[in-house]
1. Select from segment 19-72 the residues that are open to solvent by less than 80 Å² (accessible area, probe 1.4 Å), farther than 17 Å from Ser91 by Cα, out of contact with any Phe, Trp or Tyr (no Cβ under 7 Å at 6 or more places or on another chain) and of a type in the set (Asp, Glu) and list them in ascending order.
2. Give, as residue ranges, the helices (runs of 4 or more DSSP H) completely inside segment 282-386 that count at least 3 residues that are within 16 Å of the ligand (Cβ to nearest atom).
3. Just to be sure I understand the filter: pairs with C-beta atoms under 8 Å, separated by 6 or more residues or on different chains, first member in segment 163-176 and on the phi > 0 side of the Ramachandran plot, second member of a type in the set (Val, Ile, Thr) and not in a loop (DSSP other than H, G, I, E, B). Which pairs pass?
4. Is it fair to say Ala130 is of a type in the set (A, V, I, L, M, F, W, C), more than 19 Å from Val94 (Cβ to Cβ), at pLDDT 95 or above and in contact with a Leu (Cβ under 9 Å, 6 or more places away or on another chain)?
5. Just to be sure, is Arg241 touching a Gly at 6+ places or on another chain (Cβ under 8 Å), open to solvent by 60 Å² or more (accessible area, probe 1.4 Å) and either closer than 15 Å to Ala142 by Cβ or not acidic (Asp, Glu) (or both)?
6. Among the residues of segment 109-121, write down those that are open to solvent by 70 Å² or more (accessible area, probe 1.4 Å) and free of Cβ contacts under 8 Å to residues at least 60 places away in the same chain.
7. Take segment 306-320 and flag every residue that is aliphatic (A, V, I, L, M) and surrounded by fewer than 16 Cβ atoms within 10 Å (Cβ to Cβ).
8. Does Cys218 qualify as being part of a strand (DSSP E or B), within 15 Å of the ligand (Cβ to nearest atom) and within 14 Å of Ala132 (Cβ to Cβ)?
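The values are calculated or read from the model by the stated rules, or taken from the named source; none is laboratory data. Remember, predicted model here, so these are calculated numbers, not experimental data. Virtual Cβ from ideal backbone geometry, glycine too; neighbours counted across all protein chains shown. The area values use the complete protein model at the heavy-atom level, side chains included, leaving out ligands, DNA and RNA. Shrake-Rupley method; radii C 1.70, N 1.55, O 1.52, S 1.80 Å.
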Amino acid sequence: MPPLDTSRAALSTLDDDERLFRDTVYEFADREIRPSTREMDEQAHMPRMLIDRLFELGVMGIEIPEVHGGAGATFFHAVLAVEALSRVDPSVAVLVDVQNTLVVNALMRWGDDHLRDAVLPRLARSAVGAYALSEAGSGSDAFALSTRATASGDDYILTGRKLWITNGSEADVFIVFATVDASAGYKGITAFVLDRGMSGFTVGRKEDKLGIRASSTCELLLEECRVPGASVLGEPGKGYRIAIETLNEGRIGIGAQMVGLAQGALDHAVRYIKERKQFGKAIADFQGVQFQIARAATEIEAARLLVYNAARLRDAGQPFLTEAAMCKLFASEVAERAASLAVNLFGGYGFVKDYPVEKLFRDAKIGQIYEGTSNLQLQTIAKQIL
Ligand SMILES: Cc1cc2nc3c(=O)[nH]c(=O)nc-3n(C[C@H](O)[C@H](O)[C@H](O)COP(=O)(O)OP(=O)(O)OC[C@H]3O[C@@H](n4cnc5c(N)ncnc54)[C@H](O)[C@@H]3O)c2cc1C
């Protein structure tokens, strides 16, 4: 019999490098993010200084090769970073998530040498990225987008309006989807790499949100914005493939965000119930409470295994479409339940802003909406089964 590979004893077994990386990110989040989560939430703002610290930590270009200034690590490392950050603040986690699992990922996979050489070092060093697919009229039906890209010599002229764009306030690099030929349907969709400040390109209104309030969500306005042909990512008409493939991977990152959030809520609840006394003893001593905690911990472990499995399949180059949809679907439901339980167990204190769990309860909701709603994940899973 071949020797047992103990390094992979369980899906959740981390090698030394992965464990050190995760712990470093979590310690950073605990030390440098936790003290300001409430203020960032109230002000709906993420200070640039914190974003600079994320670059210094090396979590903004996790998969970017070292020659381009990145960490040269794996997608799985990105998932670990998102989970660890989200355990403290899901808003900061989504900034890192979009940067790595969507923007860097799309550029690494689809960018030609020129684009990779020009953009990846910036993303690794100091530039935040954003990914702009959705519009007012096209969310779940993303390929019904109406932003137009009209060829003009070697350039394209982009006109349209994007909505709901994460990192809009902070980003310097934007991947923007537009159609070069509306009559071609999804086959006209093309991805462009734009810079903030280009003539005809402005970042518009920022949304005032229920949760993940420190993460910016903005409208983008394209008014006859002229971009060089060299800014096409991949090929004209291949944008739909780029969107489908990157969002399949991005979904795993959102699963990780939701697992981290759920774990953070459980951490708070466990600490609180050991301290809070009613009927002459800690509320953690009541079996009714213990069983609720046990169930939440079980669900979180199951969600984590789904997320890790999807991420490891992706890194191994194996199909992961269904697994990614399942992990996002399940982890976002688990996060909502865990955050809700934490609010319940904090009693009245769970309902006020002096304690951290009401924020996590609000933050959890987004997991069922962005990067494909829960219904769309169910549709993907059902299609594979039926
Ligand atoms: C905070 C935030 C950040 C975001 N960040 C980004 C970003 O960075 N980039 C980006 O491009 N987009 C982003 N989005 C947009 C997000 O991906 C969309 O909101 C999401 O895909 C849903 O689209 P919609 O809002 O148009 O809802 P709709 O598509 O109108 O859906 C409304 C409801 O109808 C249901 N539904 C729709 N079609 C079907 C169907 N066929 N079967 C069953 N049910 C269906 C949905 O499940 C949902 O419950 C963000 C959104 C938010 C709120």
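1. Answer for segment 19-72, where residues must be open to solvent by less than 80 Å² (accessible area, probe 1.4 Å), farther than 17 Å from Ser91 by Cα, out of contact with any Phe, Trp or Tyr (no Cβ under 7 Å at 6 or more places or on another chain) and of a type in the set (Asp, Glu): just Asp23.
2. Working: elements: 287-315, 321-345, 357-364, 374-385.
Those helices (runs of 4 or more DSSP H) span 321-345, 357-364, 374-385.
3. Hits for this filter: Trp164/Thr217; Asn167/Val98.
4. Details: of a type in the set (A, V, I, L, M, F, W, C): yes; more than 19 Å from Val94 (Cβ to Cβ): no; at pLDDT 95 or above: yes; in contact with a Leu (Cβ under 9 Å, 6 or more places away or on another chain): yes.
Considered against the rule, which asks whether it is of a type in the set (A, V, I, L, M, F, W, C), more than 19 Å from Val94 (Cβ to Cβ), at pLDDT 95 or above and in contact with a Leu (Cβ under 9 Å, 6 or more places away or on another chain), Ala130 comes out as no.
5. Numbers: touching a Gly at 6+ places or on another chain (Cβ under 8 Å): yes; open to solvent by 60 Å² or more (accessible area, probe 1.4 Å): yes; either closer than 15 Å to Ala142 by Cβ or not acidic (Asp, Glu) (or both): yes.
Spelling it out, Arg241 is indeed touching a Gly at 6+ places or on another chain (Cβ under 8 Å), open to solvent by 60 Å² or more (accessible area, probe 1.4 Å) and either closer than 15 Å to Ala142 by Cβ or not acidic (Asp, Glu) (or both).
6. Initially, segment 109-121 is screened for residues open to solvent by 70 Å² or more (accessible area, probe 1.4 Å), giving 109, 112-114, 117.
Of everything in segment 109-121, those that are open to solvent by 70 Å² or more (accessible area, probe 1.4 Å) and free of Cβ contacts under 8 Å to residues at least 60 places away in the same chain turn out to be Asp112, Asp113, Asp117.
7. Narrowing segment 306-320 to residues aliphatic (A, V, I, L, M): 306-307, 310-311, 313, 316.
Within segment 306-320, Ala316 is the sole residue that qualifies.
8. Values: part of a strand (DSSP E or B): yes; within 15 Å of the ligand (Cβ to nearest atom): yes; within 14 Å of Ala132 (Cβ to Cβ): yes.
Answer is yes for this residue.
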